[in-house]
Amino acid sequence: MKLGFALLVCLLPLRLSAGSADRIQSVTDELRARLDILESVQATLVEHNPLVMSVETLSQRSGPFVIAIDQAFARTLSDDELKAAIAHELGHVWIYTHYPYVQSERFANDIAMRVVSRSLLGPVYEKVWKRTGMRGNLVEFLGLEAGPLGQ
C-alpha cells in the first residue's frame, strides 16, 4: 500500500503539469483570438526560463510562435495573473506581426490591456522582479493608473 501511495505522489505532479499545459494553451488560444492574432502560438511549460516567460518565432515574421513559461514561475501565478502574463507575451506577438512597430514592454502591455486589466499586470511584474532579482518601474511599463471615471 505504501508503494502505491508513493507512486501516486510521484506521478501527481506530472498529471498536474499536463492539465496545466492544456489550461495554459486554452487561455493562450482564447486571448489570441480576442487580440485578432492569426498566427499560431504554442504555449509550453519549460523546466527553466531565465526570463520566466518569453516568446519567440520559430521561423520568419509569420510564426509559428512559442511562449516558453518557467514551470516554477507558473505555479506562483493565480489564474488571473497567468492570463495577464500570457496577454503580455501575446502583445509582443501582435507587435511583431504588425510591422513596422517597435518592440517595447510598454507597447506589449498596451496591447495586453485590450483583454486584461492593468491591475492584473502589476502583481505579475512584482513576481517577475522577485524571481529574477531585477527591478523596474510600473508606471514606465504600464502607464499611470486611471482615476475615477477613467481620469
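The values are calculated or read from the model by the stated rules, or taken from the named source; none is laboratory data. Just so we're clear, the structure is a prediction, and the values are computed from it rather than from any experiment. All Cβ positions, glycine included, derive from the backbone under ideal geometry; neighbour counts span all protein chains shown.
Looking only at segment 113-141, count how many residues are under 25 Å from Thr57 (Cβ atoms) and touching a Lys or Arg at 6+ places or on another chain (Cβ under 9 Å).
Qualifying residue count, segment 113-141: 4.
Tell me the residue from Leu144, Leu120 that is surrounded by 13 or more Cβ atoms within 10 Å (Cβ to Cβ) and either within 12 Å of the chain's Cα centre (by Cα) or not charged (D, E, K, R) (or both), please.
Leu120
Between Leu77, Leu82, Leu45, Leu31, which is crowded, with 16+ Cβ neighbours inside 10 Å, touching a residue at least 24 places away in the same chain (Cβ under 8 Å) and in contact with a strand residue (DSSP E or B) (Cβ under 7 Å, 6 or more places away or on another chain)?
Going through Leu77, Leu82, Leu45, Leu31 in turn, just one is crowded, with 16+ Cβ neighbours inside 10 Å, touching a residue at least 24 places away in the same chain (Cβ under 8 Å) and in contact with a strand residue (DSSP E or B) (Cβ under 7 Å, 6 or more places away or on another chain): Leu45.
Quick one: what pairs do we get from segment 125-151, first residue at pLDDT below 90, second acidic (Asp, Glu), C-beta under 6 Å, 6+ apart or different chains?
These pairs meet every condition: Phe141/Glu105.
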